[in-house]
Amino acid sequence: LGVRRVFNRVTLRWEAAAGRAYTVQGSADGQHWTDLARYPHPDLTSGGGWLCVDGRAGLVVRGARSPLAVYGDTVVLCDGPAQPLLVEGYPSAGADRTRAAAARTAPASGRPDVLVSDAEGWLSLFNLTAQPVTTTVTLPQDTRSVRLYPGDQRVTGAGTAYVAELGAAAALLAPARLTLRTSSGARVPAGLRAEVSDAGTVRLTGPSGRYTVTGQDGRSARVTLRPGRPYEVRVPGAVRYPLTDAALGRPTFPTAPLPAGMSDPAAAVDGQSHTSWTPGPGGRMVVDLGSVRRVSAVRARWTGGRTTAAHAELSTDGTGYRPAGELSRHGRESTLTVDGSARYVALAVPGWRRGDATLVSLSLS
């Protein structure tokens, strides 16, 4: 316009068809722009940061500088210029639950380019930079029952301070592995440090006291701390996630209909100690690892009874198998050290007879 001018109307004329969506902006210096008019007009706009979708889902938007808007059947979570934001989704959440989630004090990182959420107890971290970062994340918690995540954290007066390490442009999803409480039910004192190595092991250092550490399955261990003396707590019987067993939960073969005398081989990779695979005469099972990966050890654990000789075979394509060797038997355990790559690993038990031991677990690492 040549000079700064005041006007109250902008007229747009389209060639053949009107634009479905557009924004008219104005600027006094050509660098900083302000929205003057927009089309279409939203059916709903809100700066409250949350939306309930017919009670089927709740959405909480954190960190956005623009409002949330609804256009017909389209939801725009940040109706404005592109900007970093974090969205939490809550399945089957009604309005009350979604409103409460939005009102909850959110965790914060020591860097504006690292976003963090602890929705439903899961710690989610997002590094929006092109470099690896290490930052301290402040997690608001009720310190009468402190959630402990994998890695290093310190109890504060209002929760915990968690040390997060993220690769460049990387994200991390971490479950709460353990819960820490005082034996008296009082608040866990500030300054206590917890280093969680797996879902059953934590190293505690800090103020003296009696504490209870509880695992994800409800099993617990008690410990008495002395000032300045670190103590490693191991929860008896806890499954020590993350597991290194590549076979756990993977697809198995054969599937139904099974050969005569054979039970479902999935029982050998389900992680349950009360289920087992019955090979049947000349039994052979295969585990699909999903992709070709290095295999260094095969371990088999059996029920009571005569342990039958078992042989392992490796394959990259599921059609051609190469022998890896016979597992060495030591009571109810059988092991074999291998050095190869495979997607499919077979365990053959050619001499199995009725009454012999059945396979509780097949583990691969």
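So, in the range 330-365, exactly how many residues are under 26 Å from A260 (Cβ atoms) and part of a strand (DSSP E or B)?
The number of residues fulfilling the criteria is 11.
Of all residues in the range 21-46 being surrounded by fewer than 10 Cβ atoms within 10 Å (Cβ to Cβ) and in contact (Cβ under 8 Å) with a residue 12 or more places away in the chain, which is nearest to V60 (Cα to Cα)?
A21
What are the residues in the range 259-296 that are exposed (fewer than 13 other Cβ atoms within 10 Å of the Cβ) and on the phi > 0 side of the Ramachandran plot, if any?
G290
Considering only the range 294-316, I want to know if a residue exists there that is closer than 20 Å to L243 by Cα, of a type in the set (V, I, T) and in contact with a strand residue (DSSP E or B) (Cβ under 9 Å, 6 or more places away or on another chain).
Yes, the range 294-316 has at least one match.
Rundown of residues vs (1) small (G, A, S); (2) more than 17 Å from L139 (Cβ to Cβ); (3) touching a Cys at 6+ places or on another chain (Cβ under 6 Å); (4) in contact (Cβ under 8 Å) with a residue 24 or more places away in the chain, yes/no style:
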position	(1), (2), (3), (4)
A158	yes, no, no, no
L204	no, yes, no, yes
T212	no, yes, no, yes
G215	yes, yes, no, yes
A221	yes, yes, no, no
T224	no, yes, no, no
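Quick one: which residue in T156, T143 is surrounded by 14 or more Cβ atoms within 10 Å (Cβ to Cβ), farther than 21 Å from Q216 by Cα, at pLDDT 95 or above and not small (G, A, S)? Break it down stepwise before answering.
Numbers: T143 fails: farther than 21 Å from Q216 by Cα.
T156 is the lone residue from the list that is surrounded by 14 or more Cβ atoms within 10 Å (Cβ to Cβ), farther than 21 Å from Q216 by Cα, at pLDDT 95 or above and not small (G, A, S).
Every residue in the range 117-128 that is of a type outside the set (A, V, I, L, M) and surrounded by 15 or more Cβ atoms within 10 Å (Cβ to Cβ), please.
Hits for the range 117-128 are S117, D118, S124, F126, N127.
Identify, please: which residue in the range 243-286 is free of Cβ contacts under 8 Å to residues at least 60 places away in the same chain and under 30 Å from V202 (Cα atoms) and is, among those, nearest to the chain's Cα centre (by Cα)?
Here the residue is L243.
So, in the range 92-114, how many residues would count as being within 19 Å of L68 (Cα to Cα) and under 20 Å from the mean Cα position of the chain (by Cα)?
Qualifying residue count, the range 92-114: 2.
Y162: more than 15 Å from L123 (Cβ to Cβ), among the aromatic types (F, W, Y), surrounded by 14 or more Cβ atoms within 10 Å (Cβ to Cβ) and touching a strand residue (DSSP E or B) at 6+ places or on another chain (Cβ under 8 Å), yes or no?
It is false that Y162 is more than 15 Å from L123 (Cβ to Cβ), among the aromatic types (F, W, Y), surrounded by 14 or more Cβ atoms within 10 Å (Cβ to Cβ) and touching a strand residue (DSSP E or B) at 6+ places or on another chain (Cβ under 8 Å).
Limited to the range 299-329, what total is found for residues that are of a type in the set (S, T, Y), exposed (fewer than 13 other Cβ atoms within 10 Å of the Cβ) and in a strand (DSSP E or B)?
Matching residues across the range 299-329 total 1.
The values are calculated or read from the model by the stated rules, or taken from the named source; none is laboratory data. These figures come from a predicted structure and were not determined experimentally. Virtual Cβ from ideal backbone geometry, glycine too; neighbours counted across all protein chains shown.
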